[in-house]
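Engineer: Below you will find the structure I want to go over with you.
Every number here is computed from the coordinates shown, using simple stated rules; none is lab data. Source: prediction; values computed, not measured. We place every Cβ from the backbone using ideal geometry, glycine too, and count neighbours over all the protein chains shown.
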Amino acid sequence: MVIAMEQDSQNFKAKVLINDIPPEGLSLYYEDMPGLLDGLDDCWASGPIKGEVFIFRSGKKIEITGKVEAALELLCHRCLAHYDSSVSVKFHYTFLEPPSWKKDEEIKLSPEDIEISYYNGEEIELSDIFREQILLQLPMRQLCKEDCKGICPGCGADLNTEPCRCKDTSEEGPFAILKKIKIS
């Protein structure tokens, strides 16, 4: 059995060769996956990322069930503060060999088709699956706390920790005179 793994202190890559999955299935456990979240601007691993998978092959169909756990440091989208978070998620994938569709053929997908992934070639990249599952668990709008006030667009003050330093400009400006007009 051959499992292609490229791992150094910076980058984790794990590929499973499809033809080498034994009939009884294959269990893999990873204590750490360094570099899995590299390239992200608002999410970093703050500890080891742990993952486990069980891979079972039945003909051309491959079932992968697993779990990934990670301690994360996220960037708040309002105040730009760093805060801690964690991810623990179980997942299931069904991989099939890609069907032979014609280039301009219109295809109607069923709800079951959306649950299926396709593999190209002779291997499946496990590191992509682990990364995808972590990213799917992140909120669309990362906030350090639900009532985060953010940063003042004028003076740049973090409104969670200090008051706004902007001067009141309500009477300044070329249109301030319009406030004095009274319409009867």
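Engineer: So which of Lys149/Lys182; Lys13/Lys90; Lys61/Lys108 end up more than 27 Å apart by C-alpha?
Structural biologist: Lys149/Lys182
Engineer: Per-residue ellipticity at 222 nm for the chain, helices alone: DSSP H runs ≥ 4 residues times -39500 (n - 2.57), over residue total, nearest 500 deg cm²/dmol?
Structural biologist: -2500 deg cm²/dmol
Engineer: Further, regarding this structure: Once phi is turned into θ = phi - 60°, what whole-Hz ³J(HN,Hα) does the Karplus curve with 6.51, -1.76 and 1.60 give for every residue of the range 108-120, x standing for Gly and Pro?
Structural biologist: Result, ordered by residue: 9, 9, 9, x, 5, 5, 6, 7, 10, 10, 10, 10, 10 Hz.
Engineer: As an exercise, identify the trypsin sites (Lys or Arg not before Pro) in the range 42-101 lying in DSSP coil whose Cβ has no more than 10 other Cβ atoms within 10 Å.
Structural biologist: Passing sites in the range 42-101 are Lys60.
Engineer: Same structure again: Longest exposed-loop-site-free stretch of the chain, with GluC sites (Glu not before Pro), DSSP loop and at most 16 other Cβ within 10 Å? Intermediate results must be reported in sequence, preceding the final value.
Structural biologist: Working: sites that count: Glu24, Glu31, Glu105, Glu106, Glu115, Glu122, Glu146, Glu171, Glu172.
That gives 32-104 as the longest site-free run.
Engineer: Right, here's the next one. Using a Förster distance of 41 Å, how high is the FRET efficiency between Leu75 and Ile183, based on the Cβ-Cβ distance and rounded to 0.05?
Structural biologist: Using R0 = 41 Å, I get an efficiency of 0.25.
Engineer: For Leu126, Leu75, Leu136, what ranking results if the residue with the fewest other Cβ atoms within 10 Å of its Cβ goes first? Provide the component values of the computation, followed by the final result.
Structural biologist: Details: Leu126 23, Leu75 16, Leu136 10.
Final ranking by Cβ density, sparse to dense: Leu136, Leu75, Leu126.
Engineer: To continue, here is another question. According to a simple spin-label model (label point 7 Å from Cα along Cα-to-Cβ), what is the distance in nm between Lys61 and Phe175?
Structural biologist: 6.4
Engineer: Evaluate the relative contact order of the chain (contact order divided by residue number), counting alpha-carbon pairs under 8 angstrom at least 6 apart; express in whole percent.
Structural biologist: The value is 18 percent.
Engineer: DSSP loop (so not H, G, I, E, B), at most 14 other Cβ within 10 Å: list which trypsin sites (Lys or Arg not before Pro) in the range 104-184 pass both filters.
Structural biologist: Lys108, Arg141, Lys145, Lys149, Arg165, Lys167, Lys182
Engineer: Please compute the Kirkwood hydrodynamic radius of the range 65-184 from all pairs of different C-alpha atoms, in Å with one decimal.
Structural biologist: 20.2
Engineer: Let me ask something additional. Just to check I understand the Karplus step: with θ = phi - 60° and J = 6.51 cos²θ - 1.76 cosθ + 1.60, what whole-Hz values come out for the range 150-155, glycine and proline as x?
Structural biologist: Whole-Hz 3J(HN,Hα) from phi for the range 150-155: x, 10, 5, x, x, 9.
Engineer: Measure nothing but the geometry: give the 0 to 90° angle between the long axis through the Cα atoms of 126-137 and the longest principal axis through the Cα atoms of the chain, rounded to 10°.
Structural biologist: Its long axis makes an angle of about 30 degrees.
Engineer: Which order do Thr94, Thr161 fall in if you start with the one that has the fewest other Cβ atoms within 10 Å?
Structural biologist: Working: Thr94 13, Thr161 9.
The fewest-first ordering by Cβ neighbours comes to Thr161, Thr94.
Engineer: Would you grab the residues whose amide H sits under 5 Å from the one on Glu123? Only those 5+ places off in sequence or on another chain, please, with H modelled 1.01 Å from N.
Structural biologist: Ile18
Engineer: Hey, can you grab everything whose amide H is under 5 Å from the amide H of Gly47? Only 5+ residues off in sequence or another chain; H modelled, so Pro and N-termini drop out.
Structural biologist: Residues meeting the criterion, in which the H sits 1.01 Å from N, are Ala71.
Engineer: Same structure, new question: Report the extension gain between Asp84 and Cys166 in nm, rounded to one decimal, defined as 0.36 nm multiplied by the number of residues separating them, less their alpha carbon distance.
Structural biologist: 26.4 nm
Engineer: When a footprinting reagent is the concern and you count Cβ atoms within 10 Å, what order do Phe12, Phe56 take, fewest first? Intermediate values should be presented prior to the final figure.
Structural biologist: Working: Phe12 23, Phe56 16.
Neighbour counts put them in this order, fewest first: Phe56, Phe12.
Engineer: So, one more: With θ set to phi - 60°, apply the Karplus curve 6.51 cos²θ - 1.76 cosθ + 1.60 along the range 70-85 and write out the HN-Hα couplings as whole Hz, x wherever there is a Gly or Pro.
Structural biologist: So the J values, rounded to whole Hz, are 8, 8, 10, 10, 10, 9, 5, 6, 9, 10, 6, 7, 8, 9, 8, 8.
Engineer: With both bridge residues required to lie in the chain, what share of the DSSP beta bridges run antiparallel, to the nearest 5%?
Structural biologist: Antiparallel bridges: around 95 percent, rounded to the nearest 5.
Engineer: A follow-up question, please. Can you tell me the alpha carbon radius of gyration of the range 3-137 divided by the globular rule-of-thumb value 2.2 N^0.38 Å?
Structural biologist: 1.20
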